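Read-outs: derived from the displayed coordinates by stated rules, not from any lab. These numbers come from a predicted model, not from an experiment. All Cβ positions, glycine included, derive from the backbone under ideal geometry; neighbour counts span all protein chains shown.
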Amino acid sequence: MKEPVPKAVQSQKTRRALLDSARALFAEHGYAATTTEQIVQRANVTQGALQYHYGEKIGLFRAVFEELKTEGMQDIIEHIRTAEGDMWDRFAVEGCRAFIQDAKNPSMQRIFYIDGPAVLGASTIRENAPGLAFLRDTLTQLIDQGLVRPLPIIPLSKILWAAFFEAGLHIAQADAASAARAEQETLTVLLAMLSALWLGPQERPA
């Protein structure tokens, strides 16, 4: 006789199915055009299961948004950590390239940059804990090493994060014909912005 699946395991599987279903549908159709009926049908669960785990559709969207945000930041940090080169190459050049690669992800474009602020409010974007924490900690390290101008770290981190968000939004809103140009121009602008802070060996990193 087959043993019953533990309740905790079944709950985890149900949440995972809902997250995967919602993420695919939100990315393809957007938040407003996606119904809870579509989500539960794709996930092969009941409306009751969605309500039990996430409440309304917005609760599930928030969970998808937070998961996507965390994954994106982890990918960027890992890319920087494993990249070759000096501090400038890893943090600025490779970091910006990893950021742009993340911003090209269709799920990230629709859910994080376009629907996120509209559904969850602009404060959700401004208070991006993983992004702000990474910038704050990295910039603190660079300032301590004498590689970046010693500016007040909290406003510096917030202002840079706002610039990176707008850069990602610019990429997300570009149409197919102008996408490559938007990505290259964004990289150029981000590197120029960061180079103004740089006090390392290169006078104006490129």
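For region 100-206, just list the percent of Cα-Cα distances falling in each 10 Å bin from zero outward, please.
Computed distribution, short to long bins: 14, 40, 34, 12, 0.
How high is the relative contact order of region 131-206? Use alpha-carbon pairs under 8 Å, at least six apart in sequence, and give a whole percent.
Relative contact order here is 32 percent.
Would you please give the residues with an amide H less than 5 Å from that of residue 148, counting only those at least 5 places away or on a separate chain, with H modeled from the backbone geometry?
Answer set, sorted by chain and number: 143, 199.
Work out from phi, with θ = phi - 60° and the Karplus expression 6.51 cos²θ - 1.76 cosθ + 1.60, the ³J(HN,Hα) of each residue of region 8-22, listed in order in whole Hz, and give x for Gly and Pro.
Here the 3J(HN,Hα) series is 5, 5, 5, 5, 5, 5, 5, 4, 5, 5, 5, 4, 5, 5, 5 Hz.
Size of region 68-121 along its principal axes in angstrom, Cα-based, largest extent first?
40, 18, 15 Å, listed from the longest principal axis down.
Over all directions, the average projected area of the alpha-carbon convex hull for region 1-110 comes to how many nm²?
Value for region 1-110: 9.1 nm².
Over the alpha-carbon set of the chain, work out the extent along each principal axis and list the three values in angstrom, largest first.
Principal extents (largest minus smallest coordinate, Cα): 68, 41, 30 Å.
With a 10 Å radius around each residue's Cβ, average the other Cβ atoms per peptide and rank 63-71, 47-55, highest first.
By packing density, highest mean first, the sequence is 63-71, 47-55.
Can you list, bin by bin at 10 Å, the percent of alpha carbon pairs in region 1-55, starting at 0?
25, 49, 19, 6, 1
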